[in-house]
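Student: Okay, handing you the structure first.
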Amino acid sequence: MLNNEDRALVEELASPFEPLLPIEKQLIAWSLGLGIALLILLAALGHVGLGQL
Amino acid sequence: MTAIAEARTTVRSPAITEDTLAVWIGLAVFALGLISINGPDLLGWLVNTSVWLDPAKALGTVARGYSDLSGAAALVATYLAFLVVLTVSAAALRLDLKRFVAAFTVVFWIAYASWIAGSYAHVAVVTPADLKRYGIDWSLKLTNEAGYVVALLVGLVIANFFPRLADWLKEAIRPDLYIKVAIVLLGAVFAVTAAGKLNLASGLLFRGVAAIVEAYLIYWAVVYYVSRRWFGFSREWAAPLASGISICGVAAAIATGGAIRARPAVPVLVSSLVVVFAVVEVLILPFVAQHFLSSEPLVAGAWMGLAIKTDGAAVAGGGITEALILAKAAEEGINYQPGWILGTTATVKVFIDIFIGIWAFILGYIWTNHINAKTTPERDRAQVGEIWQRFPKFILGYLATFAVGLGIALWAPAETTAKLPAAIGETNVVRVIFFVLTFFSIGVLSNFKTLWRQGLGKLAAVYVVSLFGFVIWVGLAISWIFFAGIKPPLAG
């Protein structure tokens with residue numbers, strides 16, 4: 001069973017939604033954008049055989 | 001003790017961390033193995049288990065030079081060696097030594113009994129030739145690595161049906177320590193495997209970079225968004241949860257929690273979920289991989305590294321996947337060289353782990369300088385030194401054994417090189433035992449019933465949606481894009 005502290009933490013999960021801040025939106029957008037771009041670049045480099053000695 | 005309280009014990013700060021201890025233990029075993037190349041065989045007396053029908057023939061020693069030692073004596077000697085080394089480690093970790101010795105004794109014997117059970121011929125034999133050799137007409141064809149699954153299942157039974165025993169064992173339930181020692185030793189095993197096919201090995205390392213990009217930049221952003229927007233989690237909860245699901249489970253959740261200055265219990269609660277879901281994945285994904293990906297072994301290996309969270313479960317999943325796929329291929333007359341699938345999983349996982357510290361620092365910087373700038377005192381803002389502080393040191397051990405092993409394999413005199421596989425083979429026996437201990441420990445930590453009772457349904461819902469709706473499939477797609485068409489070399 002949960003102790004009081006853990007129970008309070010779990011109850012927090014039902015707390016009202018905190019809107020996404022601009023910095024969070026930037027973090028998500030930059031992560032995804034950079035991630036997809038790097039994956040395409042890596043796939044292309046792998047395709048031309050750059051991953052081989 | 002609840003799963004949460006159990007997980008909380010993992011974040012205490014002893015004199016030395018399990019991470020650092022794992023490096024020293026792994027390097028010490030590796031050094032002992034290397035001595036046998038030009039000196040006495042210091043590990044040859046360790047116990048080795050063969051596939052068996054007659055239990056009396058199950059056990060033996062690793063090296064023929066010690067064949068005077070009976071299998072049972074080798075097993076007892078191996079147990080004593082593990083007990084001594086790990087009790088010294090337990091002392092360094094400031095554990096209760098009496099409880100540790102008693103608990104480890106039970107853990108070792110149950111785990112090794114599971115390993116022996118997995119080597120039973122009706123469980124392990126794979127090829128028609130071996131069926132004939134053992135005089136049997138059926139087998140589950142799981143290879144002797146079925147022992148890992150047996151250990152995991154026994155651990156799960158104890159956790160879910162004998163919780164008092166699970167609680168009593170907890171002093172010796174150290175999956176992080178066990179798997180990190182195993183990964184350090186795996187570096188040398190992979191080096192010997194890679195030395196023969198450097199082109200392939202370098203290709204794998206290159207493709208491992210894709211795993212870093214995926215885990216940190218794609219997975220994390222999506223899981224963070226899902227948990228914030230769809231499930232309404234606060235930032236304090238969403239960030240450790242995203243790291244736990246996306247990167248490498250417990251370690252990432254705790255590193256992120258510390259970096260964003262979350263209350264310590266938040267990443268600990270997240271970690272309790274990570275462990276349970278990792279077990280579910282280990283029990284399912286390797287068999288899915290065997291069924292659908294046996295023609296693409298390295299895709300399967302990379303997938304385990306990307307989809308299964310926590311280092312222990314992922315590398316363990318890679319081990320089972322390798323056993324299952326090699327078994328299926330052997331049935332079809334294809335004998336792949338062992339080590340490549342597991343090596344791919346470990347490489348992917350190690351590459352991901354390398355950047356935990358940097359990622360935690362980036363999040364810490366954003367949180368303490370932008371999101372919580374008003375409430376964070378200057379002295380508590382993210383410092384560059386945290387990158388090293390949160391860097392998983394066992395990776396250095398893995399890289400060291402890999403580099404030394406590869407160096408010897410490539411540049412040592414032929415006489416030395418010829419003896420290297422046998423020497424590393426002896427350290428691999430130690431690695432296997434640490435693997436078995438990891439599987440059993442993960443099982444014992446996974447009390448499903450307790451978790452549901454604790455009311456973590458909303459956290460679990462995010463986990464289910466993210467893991468089964470996104471992480472597993474994107475991991476499969478990326479593994480396919482980068483590893484499809486690359487086959488392990490054939491044995492011999």
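The values are calculated or read from the model by the stated rules, or taken from the named source; none is laboratory data. Because the structure is predicted, anything quoted here is derived from the model rather than measured. Neighbour counts are summed over all protein chains in view; Cβ atoms, including those assigned to glycine, are modelled from backbone coordinates with ideal geometry.
Student: Tell me, yes or no, whether the stretch B:437-454 has at least one residue that is under 28 Å from B:LEU200 (Cα atoms), part of a helix (DSSP H, G or I) and not small (Gly, Ala, Ser).
Tutor: no
Student: Out of all the residues in the stretch B:337-350, is one or more among the hydroxyl-bearing types (Ser, Thr, Tyr) and either closer than 30 Å to B:ASN160 by Cα or free of Cβ contacts under 8 Å to residues at least 12 places away in the same chain (or both)?
Tutor: Yes, there is a match, as at least one residue in the stretch B:337-350 is among the hydroxyl-bearing types (Ser, Thr, Tyr) and either closer than 30 Å to B:ASN160 by Cα or free of Cβ contacts under 8 Å to residues at least 12 places away in the same chain (or both).
Student: It is to be established whether one or more residues within the stretch B:8-19 are modelled with pLDDT of 90 or more, closer than 19 Å to B:LEU437 by Cβ, part of a loop (DSSP other than H, G, I, E, B) and in contact with a helix residue (DSSP H, G or I) (Cβ under 7 Å, 6 or more places away or on another chain).
Tutor: no
Student: Residues B:TRP45, B:TRP115: which one is closer than 26 Å to B:PRO175 by Cα and part of a helix (DSSP H, G or I)?
Tutor: B:TRP115
Student: Okay, moving on. Looking only at the stretch B:214-235, filter to residues that are within 9 Å of another protein chain (Cβ to nearest Cβ) and closer than 18 Å to B:PHE361 by Cβ; which one of those is surrounded by the fewest Cβ atoms within 10 Å (Cβ to Cβ)?
Tutor: Only one residue tops the list, namely B:ARG235.
Student: Please state which one of B:ALA182, B:ALA151, B:ALA188 is in contact with a Lys or Arg (Cβ under 7 Å, 6 or more places away or on another chain) and under 19 Å from B:PHE435 (Cα atoms).
Tutor: Among B:ALA182, B:ALA151, B:ALA188, only B:ALA182 is in contact with a Lys or Arg (Cβ under 7 Å, 6 or more places away or on another chain) and under 19 Å from B:PHE435 (Cα atoms).
Student: Looking at this structure, is B:ILE486 closer than 30 Å to A:ALA43 by Cβ, buried (at least 21 other Cβ atoms within 10 Å of the Cβ) and within 14 Å of chain A (Cβ to nearest Cβ)?
Tutor: Judged against the criteria, B:ILE486 is not a match.
Student: Within the stretch B:358-375, count every residue that is in contact with a helix residue (DSSP H, G or I) (Cβ under 7 Å, 6 or more places away or on another chain) and surrounded by fewer than 18 Cβ atoms within 10 Å (Cβ to Cβ).
Tutor: Going through the stretch B:358-375 one residue at a time, the tally reaches 2.
Student: Do we find a residue being over 13 Å from the mean Cα position of the chain (by Cα), in a helix (DSSP H, G or I), away from every other protein chain (no Cβ under 14 Å) and not small (Gly, Ala, Ser) anywhere in the stretch B:265-276?
Tutor: yes
Student: Taking the options A:LEU42, A:LEU13, name whichever one is at pLDDT 65 or above, within 7 Å of another protein chain (Cβ to nearest Cβ) and either at positive phi or touching a Lys or Arg at 6+ places or on another chain (Cβ under 6 Å) (or both).
Tutor: Criteria check complete, one pass: A:LEU13.
Student: What are the residues in the stretch B:238-252 that are within 14 Å of chain A (Cβ to nearest Cβ) and either touching a Cys at 6+ places or on another chain (Cβ under 9 Å) or at pLDDT below 90 (or both), if any?
Tutor: Once the filter is applied, which keeps residues that are within 14 Å of chain A (Cβ to nearest Cβ) and either touching a Cys at 6+ places or on another chain (Cβ under 9 Å) or at pLDDT below 90 (or both), the stretch B:238-252 yields B:SER246, B:ILE247.
Student: From the set of residues in the stretch B:299-343 that are of a type in the set (D, E, K, R) and surrounded by 24 or more Cβ atoms within 10 Å (Cβ to Cβ), which is nearest to B:VAL192 (Cα to Cα)?
Tutor: B:GLU322
Student: Among the residues that make up the stretch B:180-189, is at least one of them within 14 Å of chain A (Cβ to nearest Cβ), touching a helix residue (DSSP H, G or I) at 6+ places or on another chain (Cβ under 8 Å) and either farther than 20 Å from B:PRO297 by Cβ or free of Cβ contacts under 8 Å to residues at least 24 places away in the same chain (or both)?
Tutor: no
Student: Related question: Report, by residue number, each residue of the stretch B:290-345 that is among the basic types (Lys, Arg) and either assigned to a loop (DSSP other than H, G, I, E, B) or modelled with pLDDT under 90 (or both).
Tutor: B:LYS309
Student: Within the set of pairs 6 or more residues apart or between chains, which connect a residue that is closer than 21 Å to B:THR256 by Cα inside the stretch B:385-414 to a residue that is among the aromatic types (Phe, Trp, Tyr) with Cβ atoms less than 8 Å apart?
Tutor: Between residues of the stretch B:385-414 that are closer than 21 Å to B:THR256 by Cα and residues that are among the aromatic types (Phe, Trp, Tyr), the close pairs are B:GLU386/B:PHE361; B:ILE387/B:PHE361; B:ARG390/B:PHE361.
Student: Right, next: Within the stretch B:84-105, which residues are within 21 Å of the chain's Cα centre (by Cα) and in a helix (DSSP H, G or I)?
Tutor: B:VAL85, B:LEU86, B:SER89, B:ALA90, B:PHE104
Student: Same structure, new question: Could you list all residues from the stretch B:291-344 that are of a type in the set (Val, Ile, Thr) and under 20 Å from B:ALA121 (Cα atoms)?
Tutor: Result: B:ILE320, B:THR321, B:ILE325.
Student: Would it be correct to say that B:ARG207 is crowded, with 24+ Cβ neighbours inside 10 Å, at the interface with another protein chain (Cβ under 8 Å from one of its Cβ atoms) and touching a Phe, Trp or Tyr at 6+ places or on another chain (Cβ under 8 Å)?
Tutor: Here the answer is yes, as B:ARG207 does meet what is asked.
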